[in-house]
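Notes to accompany the following structure.
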Amino acid sequence: MMRLSDVNTNETVMISHIEGSGAFRARLSEMGFVTGKTVKKLFTSPVGNPIVFELMGGQIALRKSEAEKIQVTVSGTADAPSTTPEADIPAPSTDIPTQKHRSDRHQRRSGTVMPPSPHTGCPSCGPSGRRITTDTPAEAGVITIALVGNPNCGKTSLFNAASGGHERTGNYSGVTVSSVVGEMVFDGRKIRLVDLPGTYSIRAFSPEEAYVAHELESGRIDAVINVLDTTNLERNLLLTMQLKERNLPLVGALNMYDEFEESQSTLDIEELSRRLDMPLYPTVARKRIGIDTLLKKAIELADQHIALHRAGIQGHTHEAACCNDPEHCTHCSGKGAHPEDMDADNGSDTACPCPEREHEDVERYSHIGQILDGIYIKKHGRSHQVTTTLDRLLANRWIAYPLFVAIMWFIFWVTFTIGQYPMDWIDNGVAWLTALCESQMPEGTLQALVCDGILGGVGSVIVFLPNILILYFFISILEDSGYLARAAMLADPLFNKLGLHGKSFIPMLMGYGCNVPAVMATRTIENPKSRMITMLVTPMISCSARIPVYVVFAGAFFPQNASTVMLCLYVFGTGMALFVAWVFSKIFMRRYESHFVMELPPYRLPSSRGVCRHTWEKGRQYLRKMGGIILVASIVIWALGHFPTGNGELTEAEQQEQSYMGRIGHAIEPIIRPLGYDWRMGVGIIAGVGAKELMVSTLGVLYNCAAEDAEPETTEDASQTRLAQILSQHTTPEAALSYMIFALLYFPCLATIAAVKGESGTWKWAIFTAAYTTLLAYVTAFAVYRLALLF
């Protein structure tokens, strides 16, 4: 039997059978890999894996091991839609009795819109174990409209055009998935526009699908705008069919219609609207064409829905026979219905294994082909030509990887080199404000709290804002242009061996500058297992905040080989991160398969307005998520170093020693003594919890050194400072090497821990990150210290 992995370049074959787990088959069917569909091999990545195929007019990348699970036959004919007469077009397969389904269709044609069904599982699995009641909107007079669509369909651009930028982000408790909510007034009506995460279906076995399914079934949505990529209708309409089966008030937006027309493609919108039994309107979101007409129709449907709800008319529940394997089906037990059950730590990637479910996708795609027959003619335009040309370069190993490295290096350089200038401006601004407060406020505890605790905490958060904005500016450009998916494809062969996804490369690269934006960048990884593991190991990548520790200790104890020592620390940190990622992939979520079934969108010119809005939204999220946590933690650390206060005659070093932090340092000295550290080095470790930059400055205070001596700029300067001379008297080179290893691996700064909590959606993973990195740092530093003593 021929496998898809054996197909030659530019050869077209027909899918005959798909093997693999239920989750893998479900993911493939969402993308259009169903029995009877034709697939064309376009090219392979420079190292031969992954492989890119053309399906339904779009490009899909699969790993070679995944392509081997797809059996194909050589097809001499194209997969043309059936020429079934219009009157014989079958209705979409659902689990509702035929007579009742026809009654529902008649009600919709006559203007009656049924409220959402309480069913949240897959149609073939019967009623969900949880019923979701249909509630009235939380705020009277406000119409809530949800935007639902596939990834890369221009849904967010349409949201930005409609909402005018008045948005906020809403998260569902316990998960990392979020939606963006925009509030506006349109034609005198107050509208709440909800941009739900992009998804290919609403089967509810992935976090994104579960979130979308829950929101649609919750009763908070009055109408749904289904955003469709007009250049790829066949795949987009699968989600439309699923939405219609739930009797949602639905209106379609045929987005990117200018690109569709530019390619000389044709579509009979009126006939398609009649066959789908739903209103459709062409839109160009980037130019705000067709948005007003679309919103007016959505409001009309919402008004009908609200009126029916107030009249007490309720929707029906899907009453299908249960599937053949209810014990293992996530939907028959209701496990797939709610997003809180989709948290990554559950480790479940079990999709519904029943054959009825897969057969329904085949029927849906067959029905979609019949619906589009004779009214939808797709041709290749300029966008396809540009994409084809650029992808030919991508397949060339002598161009693809050098270009990939150059782009990543440029982003890294701009983010942390050019970004250093605004960081310094902010830092100087905070210092000026602190000095102003010190000059205007009387000395005492209140002044210390405001200047050192509050302003210091706020400054530690906003100083990274330029890095966040620059990073997400470039990520938005890469994502909107279509290159980010290609970059992930290039990095995937290496990272797949470690149990990670190709997109894990970008956050780990950013970690060399700052771990905070690196952790936040993991949200670009769709696979929950890879996203979580990348998030957990990224803090071990040596960020720029650790450099002062390296400079001081390497310059003081290894002045002749300081640069080599620092390079080895960077390599060691990267190696540890990759090794731990490999270990975690064997431990966490072992049942969760890591797939690389990725759609490669065509290359497009990013919208400047969309990129800037997305960048600012991420920056605002950073300030909102980090600010409160860091402020509280900074005040706590300040209090530990400030209290109890002395009699006013103590030096700064003596005050630090008799403070609670100093006492903690003395208390942990027996624990860190096997590593070769004294209590002062222990206090430096504690101070580094707030920010790694504080380690050296704290040691400078405890060893009675001038501030400028505590923070030398080069290793040559470090070897000449008073701090270096005192350190050489109180510790040994072996302990210094151990201390640098400990600083490299242990507890990330509070901002990074807060970022892990914000991205994972739970404190559990944040606490785990803090605990395991500290334990790993202790064990590794102990081993390094003891081994160094042998030489």
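The values are calculated or read from the model by the stated rules, or taken from the named source; none is laboratory data. Only a predicted model underlies this, so the values are computations on that prediction, with no experimental measurement involved. Glycine also receives a Cβ, built like all others from the backbone with ideal geometry; neighbour counts cover every protein chain displayed. SASA here: full protein model, heavy atoms, side chains in, ligands and nucleic acids out. Shrake-Rupley method; radii C 1.70, N 1.55, O 1.52, S 1.80 Å.
Students often check this: by mean Cβ neighbours within 10 Å, which of 142-153, 606-617, 57-68 ranks highest, and how do the rest follow?
Values: 142-153: 22.9, 606-617: 17.2, 57-68: 20.6.
In descending order of packing, they fall as 142-153, 57-68, 606-617.
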> Could you name the lysines in cross-link range of Lys379, using Cα to Cα under 27 Å and dropping any fewer than eight places away on the same chain?
Replying inline: Lys37, Lys40, Lys41, Lys155, Lys287
> Ordered by residue, what ³J(HN,Hα) values in Hz, to whole numbers, does region 54-59 give under the Karplus form 6.51 cos²θ - 1.76 cosθ + 1.60, where θ = phi - 60° and Gly and Pro are x?
Replying inline: 9, 9, 6, x, x, 9
> Arranged from highest to lowest average of other beta-carbon atoms within 10 Å per residue, in what order do the peptides 43-55, 543-555, 771-783 appear?
Replying inline: 543-555, 43-55, 771-783
>> Probe of 1.4 angstrom, ligands and nucleic acids ignored: what's the accessible area per residue over region 545-612, in square angstrom?
In response: 46
>> Please give the Cα centre distance for region 467-523 versus region 574-591, rounded to the nearest Å.
In response: 18
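Quick check on packing: order 280-289, 388-397, 370-379 by the mean number of other C-beta atoms within 10 Å, highest mean leading. Kindly include the intermediate steps, with their values, before the conclusion.
Numbers: 280-289: 20.7, 388-397: 14.8, 370-379: 17.7.
By packing density, highest mean first, the sequence is 280-289, 370-379, 388-397.
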>> Full-extension gain between Trp398 and Ala788, please, as 0.36 nm times their residue separation minus the C-alpha to C-alpha distance.
In response: 136.1 nm
>> Can you work out the Karplus-derived ³J(HN,Hα) for every residue in region 669-684? Use 6.51 cos²θ - 1.76 cosθ + 1.60 with θ = phi - 60°, whole Hz, and x for glycine or proline.
In response: 4, x, 6, 8, 4, x, 8, x, 9, 9, 5, 5, 5, x, 5, x
> Stretched out fully, how many nm does the piece from Thr645 to Ile767 gain, at 0.36 nm a residue minus the Cα gap?
Replying inline: 40.8 nm
>> From the phi angles alone, apply the Karplus equation (6.51, -1.76, 1.60; θ = phi - 60°) to region 766-780 and give each ³J(HN,Hα) in whole Hz, x where the residue is Gly or Pro.
In response: 5, 5, 4, 4, 4, 6, 6, 5, 5, 5, 5, 5, 5, 5, 5
> For region 1-69, what is the accessible area per residue in Å², given a 1.4 Å probe and the full set of protein chains?
Replying inline: 33
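So if each residue of separation counts as 0.36 nm, and I subtract the Cα-Cα distance between Asp292 and Gln71, what length gain in nm does that give? Display every interim value, and only then the final one.
Working: separation 221, 0.36 × 221 = 79.56 nm, distance 4.68 nm.
Extending this stretch completely gives an extra 74.9 nm.
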>> Using a 7 Å offset from the Cα along the Cα-to-Cβ direction at both Tyr660 and Phe410, what is the distance between the two label points in nm, to one decimal?
In response: 5.1
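Apply 1/(1 + (r/R0)^6) to the Cβ-Cβ distance of Asp258 and Tyr421, taking R0 = 35 Å, and write down the FRET efficiency to the nearest 0.05.
It comes out at approximately 0.35.
Where the accessible area of region 464-595 is counted over protein heavy atoms with a 1.4 Å probe, how much of it, in %, is carbon and sulfur?
On the way: 2650 of 3990 Å².
Percent of accessible area from carbon and sulfur atoms in region 464-595: 66.
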> Non-local amide H neighbours of Ser265 (under 5 Å, H modeled in plane, Pro and chain starts lacking H): which ones?
Replying inline: Lys379
